[in-house]
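Here is the structure we will look at, set down as structure tokens.
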Amino acid sequence: MTDRLPPIVVDARRLLPPEPMERTLEALDEMQPGQEVLLMIPRQPAPLFDMLRNNGYAYTVEPQPDGVFHITIRQASGD
Amino acid sequence: MQALSFEQAPPPSVPIRFFLTAPLFLLLAGLLLLVDGEAVMASRWTPAALALTHLMTAGFMLQVMLGALFQLMPVAAGANLWRPRVLALPVHLLSAIGAVMLVAAFHHQIAWAYQLAVVAIGCSVLAFVPAGMLALWRTPGTSHSLIALRIALLAFFFTVFAGATMALARAGLIDTWWLRFSSSHVALGLAGWGCVLVAAVGYLVVPMFQLTPAYPRWFARSFAPLMALAIGLGMVVSHPTAWLPLIGLVALFAGVTLDRQQRRRRAKLDATFRFWRFAMGCVLLACVGAVLMIFNIGGNTLPFAVGVLAILGGFVSVISGMLYKIVPFILWLYLQPRVRGVPPMTRMLNEHWVLWHWRVHVVMIGAALLATVWWPAVYLAGSLMVVSAALLGGQLLRVVSRARTALRLAQPS
């Protein structure tokens, strides 16, 4: 059994659109098989969701008490 | 915060054709101030003053507001317009030609130009408003933006209806009795159509592009319906004080927006933030001026100053600030799945020139306010308005040109 790689964290809490999407796309390019990207963002990024669905990624959205959303992204085929 | 759906967005050419036309009207307004400044400042009812007002409202503002609705209705409210690309062409051409005709009619007092303006703008409204109503009323949901958009669109229809009757009365085709609706026309246009639409857009774009907390729920839920009631009150009760609740609500919107901006999560100020903050300050001053007008304080110059603060200081500032965000953003989103290595959005604009536009804009409004008490300052205001329009138009063209280049380079030869 191999250890899972830690997620690549994209902290977009203080970034203006479309920088969160630009950074997330860069992180997805770097992501290793089985690895995840964790995006922290103060809104639900609809354009990113559209792009993820169209490019074979799965994601989960977890609202946090401070109003930030934690969005965990992985390859859909890995599910 | 409400979710947006950019998969429903129309092709970028649909909103951008309106956005690129708008600065031309601002340019014409600046030129009119240079050519006819003394007449403009003589009274707000002179042909030149009415022509100037409508270059900014029926020209600059209407173009941007229509373009924004084409983009925002499907993206923010899920309300899909019927064939937006087909619909945009006549709505754009007729509204732009109609605005030019209306301005010519006011300036030269030409009866046939009033008639042509009514036909052109009327056809544009009859093409757009029913399609918009159908899309907005068929959309299930009770989101704050959806309700505000419905109210704004209704107010737009009645603004144009009241304006058309007054234009036809000026052309001598119907009784001059209709000219008494000028206060209602202004309230419907600036508050019902303009301010409510800015609020519908603001609920979404202020938190998104300025990193502020969302507008409070109690405010977003009740603002647009209360605005509709306050406009109704002012129109029904024939006493100037009946407009006070409306003025109070507009001031509340400005105050809540400034409060959101104070609580932003980012220290760096960009041009959009500065334009919006300046706009809200101008709106608050305009509201104070409007209250003084109601109690007959301030003499003949005050209505001018209120007009400058509300239209130039409020709407033109908000629109300029927003265009600098949404035009690059719409094109960036369009390019993203189509082009590898899309240029960063911040590099599509020249931030240096955008900041200069903000500075010129602020001095221009200062000059316009000075002109209300010392009319020769109108030439400075006119010159700066021409520069402002050139800077805004130049930057928007730069963004479109960069997007086109990126798309062309990505296509196989």
key: Charge context of B:L392, other residues only, Cβ under 15 angstrom, K/R +1, D/E -1   = +3
inquiry  = Only protein chains counted, 1.4 angstrom probe. Which residues of the stretch A:31-64 are at least 40 Å² less accessible in the assembly than when their chain is isolated?
reply    = A:P42, A:R43, A:A46, A:P47, A:D50
Three-way shape call for the stretch B:82-191 based on the alpha-carbon gyration tensor, with the a/c threshold at 1.5 = oblate
note = With a 1.4 angstrom probe the carbon and sulfur portion of accessible area for chain A, in percent, totals 49 percent
Overall dimensions of the stretch B:153-285 by Cα: Rg and Dmax, Å = 17.2, 57
note = Heavy-atom accessible area per residue of chain A, all protein chains kept, 1.4 Å probe, expressed in Å², is 56 Å²
query = So how tilted is helix B:217-236 from the main axis of chain B? Cα-based, degrees 0 to 90, rounded to 10.
reply = 30 degrees
ask   = Can you pull out the chymotrypsin sites (Phe, Trp or Tyr not before Pro) in the stretch B:313-413 that DSSP calls coil and that have at most 16 other Cβ atoms within 10 Å?
value = B:W374
inquiry  = What do you get for the angle between helix B:271-294 and the principal long axis of chain B? Use alpha-carbon atoms, 0 to 90 degrees, nearest ten.
reply    = 20 degrees
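Report the gain in length on full extension from B:L229 to B:Q115: 0.36 nm times residue separation, minus Cα-Cα distance, nm rounded to one decimal.
37.9 nm
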remark   = chain B: spread of alpha-carbon positions along the three principal axes, whole Å, largest first, is 61, 46, 46
message = If I histogram all Cα-Cα distances within the stretch B:349-413 using bins 10 Å wide from 0, what percent of pairs lands in each bin?
response = 21, 34, 22, 13, 7, 2, 0
request  = Would you please give the FRET efficiency between A:Q64 and A:E19, computed as 1/(1 + (r/R0)^6) with r the Cβ-Cβ distance and R0 = 22 Å, to the nearest 0.05?
outcome  = 0.65
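If you place +1 on the Cβ of every Lys and Arg and -1 on the Cβ of every Asp and Glu, how big does the dipole about the Cα centre of the protein assembly as shown come out, in debye to the nearest 20?
Charge dipole of the protein assembly as shown: 120 debye, to the nearest 20.
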Label-point separation, B:N300 to B:N80 (7 Å along Cα→Cβ), nm = 5.7 nm
remark   = Between the modelled labels at A:R4 and A:N54 (7 Å from Cα along Cα→Cβ) the distance in nm is 2.9 nm
query = Pairing the Cα long axis of helix B:111-138 with the longest principal axis of chain B, what angle in degrees results, from 0 to 90 and rounded to the nearest 10?
reply = 50 degrees
remark   = the stretch B:254-320 and the stretch B:333-382 have their Cα centres apart by a whole-number Å value of 17 Å
query = How much accessible surface does B:T139 have with a 1.4 Å probe, in Å² rounded to 10?
reply = 20 Å²
List of the stretch B:191-230 residues, accessible area with partners at least 10 Å² below that of the chain alone (1.4 Å probe) = B:M208, B:F209, B:L211
task = List the residues of the stretch B:271-309 whose backbone N lies under 16 Å from a point placed 7 Å from the Cα of B:T241 along the Cα-to-Cβ direction.
result = B:291-297
message = Just to be sure I understand: if you take the accessible area of chain B alone plus chain A alone and subtract the pair, with a 1.4 Å probe, what total do you get in Å², rounded to 100?
response = 1600 Å²
remark   = Given 25 °C, 0.890 mPa s and a Kirkwood radius over Cα pairs, the Stokes-Einstein diffusion coefficient of the stretch A:1-42 in µm²/s is 225 µm²/s
key: Farthest positive-ward along the protein assembly as shown dipole, Cα basis, beta-carbon charges - from B:G192, B:F158, B:L26   = B:L26
query = Percent of alpha carbon pairs in the stretch B:127-173 separated by more than 17 Å?
reply = 44 percent
ask   = What does the accessible area of B:M61 come to, in Å² to the nearest 10, when a probe of 1.4 Å is used?
value = 10 Å²
request  = With only Lys, Arg, Asp and Glu charged, each at its Cβ (+1 for the first two, -1 for the last two), find how big the charge dipole of chain B is about the Cα centre; round to the nearest 20 debye.
outcome  = 1420 debye
message = Over the stretch B:109-242, with the other protein chains present, what is the accessible area per residue in square angstrom, probe 1.4 angstrom?
response = 42 Å²
key: For the stretch B:248-380, alpha-carbon Rg and Dmax in angstrom   = 17.9, 62
request  = Quick one, can you get me the convex hull of the C-alpha atoms of the protein assembly as shown expressed as volume per residue in Å³?
outcome  = 152 Å³
remark   = Rounded to the nearest whole number, the Stokes-Einstein translational diffusion coefficient of chain A at 25 °C and 0.890 mPa s (Kirkwood radius, C-alpha pairs) in µm²/s is 192 µm²/s
Net length gained if the chain between B:S13 and B:R359 were fully extended (0.36 nm per residue, minus Cα distance) = 121.6 nm
ask   = Hey, any idea what % of chain B's accessible area is carbon plus sulfur with a 1.4 Å probe?
value = 67 percent
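The values are calculated or read from the model by the stated rules, or taken from the named source; none is laboratory data. Treat the numbers as computed from the prediction; the structure is a model and nothing was measured. Cβ sites come from the backbone with ideal geometry, for glycine too, and all protein chains shown count toward neighbours. These accessible areas exclude ligands, DNA and RNA; they are computed on the full protein's heavy atoms, side chains included. Shrake-Rupley method; radii C 1.70, N 1.55, O 1.52, S 1.80 Å.
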